[in-house]
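Below is one structure; the comments refer to it alone.
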Amino acid sequence: MNTTLGRIRSAFSSLPARATLVLLTFVSIGIVVMGCVGYLKLDEATRDNAEVRIDRAARAAAAITAGTFAGMFVIERDDTGTPLAIHLSPGLDAAILKTSPKFDSLVEEIAATNQGSANVFCLNRETMLFDRFATTLRNPDGSLARNASLGEAHAAYASLLAGRHYTGEVRVLDRFRLAYLTPMLDSGGTVVGALAVDVGWVDDLVRARTELQSDILISTGLLLFVVTTIGAYLLYRAFRPLRAIGAFAHRVAIGEVDADVPYLGRKDEIGTLAAGMAQVVSMQNKLEQLAYYDQLTGVFNRSRFLRGLDAIFEAREPLSAALLVVDIDGFRGVNEAFGHAAGDALVAQVAAALKAELRPGETLSRIGGNEFAIVTEGRTGAGDVEALAAAVLQRMARPFRLPQAEVQTGCSIGIVLLPANARSTQDAIRNAELALNQAKTGGRGRYCFFTDEMSEAASNRAVTTRALREAIDADELTLHFQPQIRSADFGLFGVEALARWHHATRGDIPPAEFIPIAEESGLIIDLGKVVLNHSCRVARQWLDDGFDFQRISVNVSPTQIRQSDFRAVVVAALEAANLPARYLCLEVTESVFVNHGDRTVLRTVEALRELGVSLSLDDFGTGYSSLGYLNRLPFNQLKIDRSFVTDIDSDEQRKNLLNGMVALGKGLGMQIVAEGAETEAEVVVLCAAGCDAIQGYFFSRPVPVGSLPAEVERVSETARTAFARNGIRLAAS
Ligand code: C2E
Ligand code: CA
Ligand code: CA
């Protein structure tokens, strides 16, 4: 009911409806006024006509009476000649009214002239009634209706009795006649009778008028109806373009632009309006292109992607869908090796390749520099989604031909099934990223479905990150130092500073746990600074104490060394501690140089060498064994990773590898440090292979700063005994 009312109201609030109403109101008022004027005029004319007729009838009757009874009656008239009274000549008795036989022919003549009836009455003084004695009216049986009297009830009675004439309607046999009654007076002025004429039945007289009036009413109504209908239709048609453009504008407003703007090209106001609309549409298209599409690839951008995901979660019935986040592996390498233009070209080609794997209704968005998202609403079963992920991996494993080079990248994929794996857009993205991380940690080129354990681990990581931030701010991190022993004389080669975190409730948290978290969260930059400053201060103290530690090795993370101000950070640490640069050795992992085109890192490393700081290539042999670049790096120390040292005494192949690495390092003039030696046998082999120094649990675990000098004493002693036992001769002795 309400909606119907509302619809009607809104229909009448439309411009065409209002214009139609206004126009029709004026037309209707015009027609009604005309009709009324006609009606009134007709009414007046009818009345005038009746008055004229009755007046003429009265005059004729008076004249005929005077003529018929020559000399007997004198007619009293007003200025216009209308008879007021009929006077008997002096000397005449009122009795003649009844006795003269001429009255019958008189009434006949008057009636014939007037085309109405005529009657003569004489006043009976006893009954005081006017008795009719001559008439043209007849009874139903045809006889003359003489015997009737006119009494008090009659409309004219009072006037006649007072000697005045009467004009008006009088009742006859339940109907009305328009009559004129003239009193008859004797010479003394006494009323003795009356002459009554009429011009017919009143309803007959006004019938024409009534009929005409109803004709006017009907035709006015008809005219109104026709004018309204045709007018409304014409206006409806005239406003059709306006309605169409209005509806189009509405569709544009709700983002549903489909066909061309209607009535474009018309040479009137509608055409102008349509042209304006077309401009709005093209502007909107441009804005939409900017707002929702990635300019490089032409696929949806991140905000459009978020809107799409929102729609999935906001749908009344939870929609099932799958979200795949695809990350191009080694993208940074391409960017750094061949420049950003190559990176852009790769991204564009990847977008096209991914698009080719999609079915209609599945969307592709670029949600980060090298990250894409696929949303499928059709393929939602784990098997279907797996097939899609496998197809994407397969396509991405093939090389891409860029103008600059042909590159083989591959990708990793994190997958989230909706709504099972997420309750909101934010959830879905976070969980997909967790799955993606898992895929990458598992060794790239893989896809990984999200599981609840991942989000648990992530929330643990979030807690740990917060605690680590607090620990760094509160300066709660400490350093342990692990000695490196010279193979030539078992003296101290150097010490490596290793970060330690003792958590108030969780106890000691190993670096293997908190260093990756620091890397991920960026905390490693602050952590690194703290370690560096602390190490320099400790070294200064050792110098002052006369403890001959040779050099202190400090670990530098890849993120840290990529900071443009890293050289300044090192200089500041050295200056603050007043430590000569030659005592400091920075350990940088080989992985930093996997993209050997990274000029910033190379420049930093060179600047550090110029300062006089030593540089050690940490974890050597673990990742990216493209050895060709080694001679271009200004490193003076090679740290062979523990994985090559473990069981070196029993594994021939490993021994060969070690020998190769040692020869390579020596050939480039580097000192060789082997790390992770846990047994005497391993130490013996490492010495024999020509390593300059050995670091490992066999000699010493990392120890707190206070225990270090005593530990070094003990270690040298252990070493001497061990070597003597193995018959190894010291270079010094
Ligand atoms: P890393 O730089 O390779 O450090 C050597 C790691 O090997 C140390 O572990 C050390 O305790 C361990 N190690 C030494 N000899 C042996 C041995 O004979 N057997 C075994 N199993 N392990 C041995 P730690 O202290 O747990 O540190 C682990 C990693 O955490 C370090 O590996 C380094 O990458 C990172 N890290 C530690 N402190 C820092 C720091 O201050 N800054 C940065 N960026 N990374 C750090
Ligand atoms: Ca190290
Ligand atoms: Ca290492």
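With respect to the stated conditions, LEU40 fails to be buried (at least 16 other Cβ atoms within 10 Å of the Cβ), out of contact with any Pro (no Cβ under 8 Å at 6 or more places or on another chain) and part of a helix (DSSP H, G or I). Scanning the range 135-160 for residues that are farther than 18 Å from PRO83 by Cβ and either touching a strand residue (DSSP E or B) at 6+ places or on another chain (Cβ under 8 Å) or surrounded by 15 or more Cβ atoms within 10 Å (Cβ to Cβ) (or both) yields a count of 15. If you go through the range 687-726 and keep only what is over 17 Å from LEU492 (Cβ atoms) and either among the basic types (Lys, Arg) or buried (at least 21 other Cβ atoms within 10 Å of the Cβ) (or both), you end up with just ARG725. Taken as a whole, the range 321-340 holds no residue that is surrounded by 15 or more Cβ atoms within 10 Å (Cβ to Cβ), in a loop (DSSP other than H, G, I, E, B) and either of a type in the set (A, V, I, L, M) or touching a helix residue (DSSP H, G or I) at 6+ places or on another chain (Cβ under 7 Å) (or both). May I ask you to verify whether ALA681 is within 16 Å of ligand 2 (Cβ to nearest atom), surrounded by 15 or more Cβ atoms within 10 Å (Cβ to Cβ) and without any contact (Cβ under 8 Å) to a residue 40 or more places away in the chain? No. Screening the candidates GLY491, GLY528, GLY507 for the property of being on the phi > 0 side of the Ramachandran plot and either small (Gly, Ala, Ser) or at pLDDT below 95 (or both) yields one hit, GLY507. Among the numbered conditions (1) away from ligand 2 (no atom under 16 Å from the Cβ); (2) without any contact (Cβ under 8 Å) to a residue 40 or more places away in the chain, the only one that THR622 does not meet is (1).
Checking the stated criteria, ARG243 turns out to be among the charged types (D, E, K, R) and assigned to a helix (DSSP H, G or I). Just need a number here: residues in the range 225-250 that are among the small types (Gly, Ala, Ser), touching a residue at least 40 places away in the same chain (Cβ under 8 Å) and within 15 Å of GLY271 (Cβ to Cβ). Adding up the residues that qualify gives 1.
Residue-wise test of (1) in a helix (DSSP H, G or I); (2) in contact with a Pro (Cβ under 7 Å, 6 or more places away or on another chain); (3) surrounded by fewer than 16 Cβ atoms within 10 Å (Cβ to Cβ).
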residue: CYS536; (1), (2), (3): yes, no, no
residue: VAL554; (1), (2), (3): no, no, no
residue: ILE561; (1), (2), (3): yes, no, no
residue: SER564; (1), (2), (3): no, no, yes
residue: ARG567; (1), (2), (3): yes, no, no
residue: ALA572; (1), (2), (3): yes, no, yes
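Taking the residues in the range 482-534 that are β-branched (Val, Ile, Thr), in contact with a strand residue (DSSP E or B) (Cβ under 8 Å, 6 or more places away or on another chain) and outside any helix (DSSP H, G or I) as candidates, determine which candidate is nearest to ligand 2 (Cβ to nearest atom). Working first, answer last.
Of all residues in the range 482-534, those β-branched (Val, Ile, Thr) come to 485, 495, 505, 509, 515, 517, 524-525, 530-531.
Now narrow it down to the ones that are in contact with a strand residue (DSSP E or B) (Cβ under 8 Å, 6 or more places away or on another chain): 485, 495, 509, 515, 531.
Filter once more, so that each one left must be outside any helix (DSSP H, G or I): 485, 495, 509.
Working: ILE485: 16, VAL495: 11, ILE509: 18 Å.
Among residues in the range 482-534 that are β-branched (Val, Ile, Thr), in contact with a strand residue (DSSP E or B) (Cβ under 8 Å, 6 or more places away or on another chain) and outside any helix (DSSP H, G or I), the one nearest to ligand 2 (Cβ to nearest atom) is VAL495.
Only one of the listed residues (LEU574, LEU543, LEU602, LEU579) is under 50 Å from the mean Cα position of the chain (by Cα) and more than 16 Å from ligand 1 (Cβ to nearest atom). That residue is LEU602.
Among the conditions (1) outside any loop (DSSP other than H, G, I, E, B); (2) of a type in the set (D, E, K, R); (3) free of Cβ contacts under 8 Å to residues at least 60 places away in the same chain, ARG146 misses just one, which is (1).
Checking each residue in the range 467-501 for being more than 10 Å from ligand 1 (Cβ to nearest atom) and more than 28 Å from THR718 (Cβ to Cβ) picks out ALA467, LEU468, ARG469, GLU470, ALA471, ILE472, ASP473, ALA474, ASP475, GLU476.
Being more than 16 Å from ligand 2 (Cβ to nearest atom), surrounded by 14 or more Cβ atoms within 10 Å (Cβ to Cβ) and either within 27 Å of THR604 (Cα to Cα) or among the hydroxyl-bearing types (Ser, Thr, Tyr) (or both) is a condition met by no residue of the range 648-660. The residues on offer are GLY81, GLY6, GLY71, GLY91, and the sole one that is surrounded by 11 or more Cβ atoms within 10 Å (Cβ to Cβ) and either without any contact (Cβ under 8 Å) to a residue 12 or more places away in the chain or of a type outside the set (D, E, K, R) (or both) is GLY81. In this entry, SER643 is excluded by the filter for residues that are among the hydroxyl-bearing types (Ser, Thr, Tyr), within 16 Å of ligand 2 (Cβ to nearest atom) and not in a helix (DSSP H, G or I). Criterion applied to SER553, SER591 was being within 16 Å of ligand 1 (Cβ to nearest atom) and within 22 Å of HIS480 (Cα to Cα), and the one residue passing it is SER553.
Kindly evaluate SER616 against the criterion of being at pLDDT below 90 and among the small types (Gly, Ala, Ser). Before the answer, list the steps.
Values: at pLDDT below 90: no; among the small types (Gly, Ala, Ser): yes.
Here the answer is no, as SER616 does not meet what is asked.
Specify the residue that is surrounded by the most Cβ atoms within 10 Å (Cβ to Cβ); the eligible residues are those in the range 187-216 that are touching an Asp or Glu at 6+ places or on another chain (Cβ under 8 Å) and at pLDDT 80 or above. It comes out as VAL192.
The values are calculated or read from the model by the stated rules, or taken from the named source; none is laboratory data. Not measured: the values here are computed from a predicted model. Using ideal geometry, Cβ is built from the backbone for each residue, glycine included, and neighbour counts are taken over all protein chains shown.
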